[in-house]
Amino acid sequence: NAGVTQTPKFRILKIGQSMTLQCTQDMNHNYMYWYRQDPGMGLKLIYYSVGAGITDKGEVPNGYNVSRSTTEDFPLRLELAAPSQTSVYFCARGTGDYGYTFGSGTRLTVV
Amino acid sequence: QKEVEQNSGPLSVPEGAIASLNCTYSDRGSQSFFWYRQYSGKSPELIMFIYSNGDKEDGRFTAQLNKASQYVSLLIRDSQPSDSATYLCAVGSPWNTDKLIFGTGTRLQVFP
């Protein structure tokens, strides 16, 4: 997963807690994305960004927030964690023309 | 109708056989097509992309695209147990070139 680094790899949260999932890329790409993947399901787009200072909602944005203050970093914020947010989260960079590169993922459990 | 459809499988093939994975898409204007491999517990990894009608070969993998019929397929020759994974089809959105639309994936099992 060279190029996109996600931290942490695993996290357990209690209901109502908040956390930030970190994502950093090393290629200066403008386009970055956050997906969630539930067991046996496909990827669902949470938020995406087309450049520093520009973000937009995907299919499932509720309960999440993002920021893009630099081209390299695209953190995902969970406020008031709920069991429904238990999932694997993937950050990616790239375009629809050339494909995406994914980070290694963060496995989040909310109990 | 889903934008990108794949049979969820599992598709079971014996070692050494050809595995054929199929994907259909709904947007006729789509121009870019990708196959990702995802091992259990890992992130998706890009293995093939194709832009033009016809076949594109890379080692044991062949991607096939038919825009008139709106389908794209992935053939894996001489399948190995290490090919056992979920294969995701992704299609570039014709309306928003920064977006990929993903299918839900086909699980492939290659048995010895």
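Surface calculation, 1.4 Å probe, protein heavy atoms: residue A:31 sits at approximately 70 Å² accessible.
Under a model in which nothing but the beta-carbon of Lys, Arg (+1) and Asp, Glu (-1) is charged, the protein assembly as shown shows a dipole of about 520 debye around its Cα centre.
How large is Rg over Rh for chain A, taking Rg from the Cα atoms and Rh as the Kirkwood inverse mean of 1/r across Cα pairs?
Working: Rg = 13.0 Å, Rh = 13.8 Å.
Taking Rg over the Kirkwood Rh, I get 0.94.
Please report the buried accessible area for the interface of B with A, total over both chains, probe 1.4 Å, in Å² to the nearest 100. Accessible area lost upon association: around 1500 Å². Taking only the alpha carbons of chain B, we obtain Rg and Dmax values of 13.4, 44 Å in that order. Beta bridges from DSSP with both residues in the protein assembly as shown: antiparallel share about 90 percent, rounded to the nearest 5.
Rolling a 1.4 Å probe over the heavy atoms of the protein chains gives the protein assembly as shown an accessible area of 48 Å² per residue. Counted residue by residue at 0.36 nm each, then reduced by the alpha carbon distance between them, the extension gain from residue B:52 to residue B:7 reaches 13.9 nm.
Using the Cα centre as the reference, give the magnitude of the dipole from point charges on the C-beta atoms of chain A (Lys, Arg: +1; Asp, Glu: -1; all else neutral), rounded to the nearest 20 debye. Kindly include the intermediate steps, with their values, before the conclusion.
Values: 10 positive and 8 negative charges, 74 e Å.
It works out to roughly 360 debye.
Ignoring aspartates and glutamates fewer than eight residues from residue A:44 along the same chain, the ones with Cα atoms less than 15 angstrom from its Cα are A:56, A:59, B:3, B:5. In a solvent-free Debye calculation with one equal scatterer on each Cα, what is log10 I(q)/I(0) for the protein assembly as shown at q = 0.08 Å⁻¹, listed in the order of the q values? Log-scaled intensity ratios, in q order: -0.29.
The simple Förster model, with R0 at 22 Å and r as the Cβ-Cβ distance, assigns residue A:44 and residue B:109 a FRET efficiency of 0.30. Pairs over the 29 Å Cα-Cα cut-off, from the set B:42/B:99; A:57/B:42; B:42/B:67: B:42/B:67.
Per-residue accessible area (protein heavy atoms, 1.4 Å probe) orders B:34, A:10 as A:10, B:34, starting from the largest. Placing B:35, B:95 in order of accessible area, with the largest value first and a 1.4 Å probe, yields B:95, B:35. Among the protein heavy atoms, those of residue A:56 account for about 80 Å² of accessible surface (1.4 Å probe, every chain in place). Put a plus charge on the Cβ of each Lys and Arg, a minus charge on the Cβ of each Asp and Glu, and nothing anywhere else: the dipole of chain B about its Cα centre is then about 160 debye. Determine how large the accessible area of residue B:99 is when every protein chain is in place; take a 1.4 Å probe and give Å² rounded to the nearest 10. Taking all protein chains as shown, residue B:99 has close to 40 Å².
The values are calculated or read from the model by the stated rules, or taken from the named source; none is laboratory data. The structure presented is a predicted model; accordingly, all values stated were derived computationally and were not measured. When we count neighbours, we look across all protein chains shown, and the Cβ atoms used for this are built from the backbone with ideal geometry, even at glycine. Calculation scope for accessible area: heavy atoms of the full protein, side chains included, ligands and nucleic acids excluded. Shrake-Rupley method; radii C 1.70, N 1.55, O 1.52, S 1.80 Å.
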